[in-house]
Amino acid sequence: MRTLLLIPFCLVYVAAWSQIVNGQDEFNYDEAKVPEYLLPNVLTSQDGTNITSAEQWHQLRRPELVRLFQEHVYGVAPGRPQNAQYDVFESDNSALDGKARRRQVKVTLQQDGKQHSFDLLLYLPQSDKPCPVFLGLNFGGNQTVQDDPAIRITEAWIRTDDHRATEDSRGSAASRWPVEQILTRGYGVATVYCGDIDPDFDDGFENGVHSLFPVSGEGPADAWGTIAGWAWGLSRAVDYLTSNTEINADRIMVMGHSRLGKTALWAGAIDQRFALVISNNSGCGGAAISRRRFGETVKRINTSFPHWFNDNYLQYNDNEDACPVDQHMLVALMAPRPVLICSAQEDRWADPKGEMLAGVHATPAYELLGFEGLDRTELPELNSLVGDRIGYNIRPGKHDVMLSDWEVYCDFADKHFGKP
Ligand code: GTR
């Protein structure tokens, strides 16, 4: 009995200790200390015009918001490269004990005599109809997604001591990618290692896909950061997916966790070929309202990860109210497509309530276009998906992706598009 009583205490202790170690303890986790703030209105353009019609939204306000996020937060990415080649270098119609069709595609992008490649891994359900797919970046290489010896191991930089992926990493992220269960629901899974697109360290925006489009000197202050690079890579993956007749090009959904959840939102904002967008625990620079300064702040993220954003974003360190955008406007850029925001109860660093509020304050854009968004002031009960075209779910537990999260993603997709 005594041991049982000690378990919750130990868990709280471990959580608190890891926050202290990461320097996260100095930040605000007290709702009563959230400062008063005024959010910029999604339906009032920079010159004060009230946006009152769908046409004004699409012609005026949406492009304006994209430009503001490019200029002040993520940076401006180039258009499609001059050329792209798709080499399906591996294919198996009875992968995962016959449950899946596996495809591996080397995508090579060419620009001004330079080229850069990444591998796309695809598992499709056994079906003769074009299937809907979830596309998401992974953190450690495609080989981490399943313990499947056929998956080519990434040769790109990874976040370990010697920066090289090994055989041991096969399947190490499998709990985040429950492929078989997703296939059972009728959805395919497509994934790319984020570091294959752009390595996750600060190198002055020179490596990865940035190398295809060199900027001279220090580059403009709105040059594309790594999140914009990853989002651009996701769009290049969509270029391929829409050319593959095994896939339903109208049902390509983007999903991402944490830094890759921030990326999923930005990718969905700028590329409307994504039919549905999911951010999991995306936090600061993702779905969380920056002006709340709850958990991770703009200054802290710009200090730890200066390469994720553009240099203009530094102006908003301890100065969030001066930024012409906040993250509810990012969510509004998905309108009227379905967008799902997922939080974890113990992930206070990512500010679950701030993530929910971004959905709430994006809702006027959805309503203007004739759809329901998310209308509430308090967090819902755990494990109860709320909202309509803007969905929100908070589950117990920590910063992670689990099978139960994927069940919510599939439920949300089923609800909006019908079961595949
Ligand atoms: C943290 C960072 C978060 C989140 C996370 C992740 O260290 O502070 O914004 O992105 O990393 O991506 O795992």
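Under a GNM of the chain (C-alpha, springs under 10 Å), which listed residue has the highest mean-square fluctuation: Q104, Q24, Q70?
So, out of Q104, Q24, Q70, the one fluctuating most is Q24.
Taking only DSSP H segments of four or more residues, each worth -39500 (n - 2.57), what value at 222 nm results for the chain once the sum is divided by all its residues, to the nearest 500 deg cm²/dmol?
-8000 deg cm²/dmol
Taking the Cβ of L121 as the centre, find all other residues whose Cβ is under 10 Å away and add up their charges (Lys, Arg: +1; Asp, Glu: -1).
0
In debye, nearest 20: dipole of region 67-417 around its Cα centre with unit charges on the Cβ of K, R (+) and D, E (-)?
I would put it at about 520 debye.
Taking springs between alpha-carbon atoms closer than 10 angstrom, which of F274, F89, F371 fluctuates most in the Gaussian network model of the chain?
F89
For region 323-420, what size does the Cα cloud have along each of its three principal axes, sorted from largest down, in whole Å?
So the three principal-axis extents are 39, 35, 19 Å.
Mind checking the log10 I(q)/I(0) for region 280-325 at q = 0.17 Å⁻¹? Debye, one equal scatterer per Cα, no solvent, two decimals.
Per q value, in the given order, log10 I(q)/I(0) is -0.41.
Determine which aspartates and glutamates satisfy two conditions relative to K299: a Cα distance under 16 Å, and not lying fewer than 8 residues away in the same chain.
D25, E26, D311, D318, E320, D321, D326, D351
What is the chain's relative contact order, in percent, from Cα pairs under 8 angstrom and six or more apart in sequence?
16 percent.
Please compute P(r) over all alpha-carbon pairs of the chain, binned at 10 Å starting from zero, and give each bin as a whole-number percent.
Calculated over all Cα pairs of the chain, the distribution is 5, 22, 33, 27, 11, 2, 0 percent.
Build a GNM of the chain with springs between Cα atoms under 10 Å: which of V339, V133, V105 gets the top mean-square fluctuation?
Of V339, V133, V105, the most mobile in the Gaussian network model is V105.
What's the Kirkwood radius of region 72-209 in Å, using all Cα pairs?
Roughly 16.1 Å, rounded to one decimal.
Note down the Stokes-Einstein diffusion coefficient of region 216-277 in µm²/s, whole number, using a Kirkwood radius over alpha carbon pairs, 10 °C, and 1.306 mPa s.
Values: Rh = 12.4 Å.
So the translational diffusion coefficient is about 128 µm²/s.
Starting from the Cα-Cα distance between S172 and D414, subtract it from 0.36 nm times their residue separation and give me the gain in nm to one decimal.
Net length gain for the segment: 84.3 nm.
For K419, list the aspartates and glutamates whose Cα falls under 19 Å from its own Cα; do not include residues on the same chain fewer than 8 positions away.
By straight Cα distance, K419 reaches D128, E180, E246, D250, D388, D405, E407, D411.
List every residue whose amide H lies under 5 Å from the amide H of G188, counting only residues 5 or more places away in sequence or on a different chain, with H placed 1.01 Å from N in the peptide plane.
Here V133, F134 satisfy the definition.
Read-outs: derived from the displayed coordinates by stated rules, not from any lab. Everything numeric here is computed off the predicted structure, so don't read it as measured data. Counting neighbours? That spans all protein chains shown, and the Cβs are built from the backbone with ideal geometry, glycine included.
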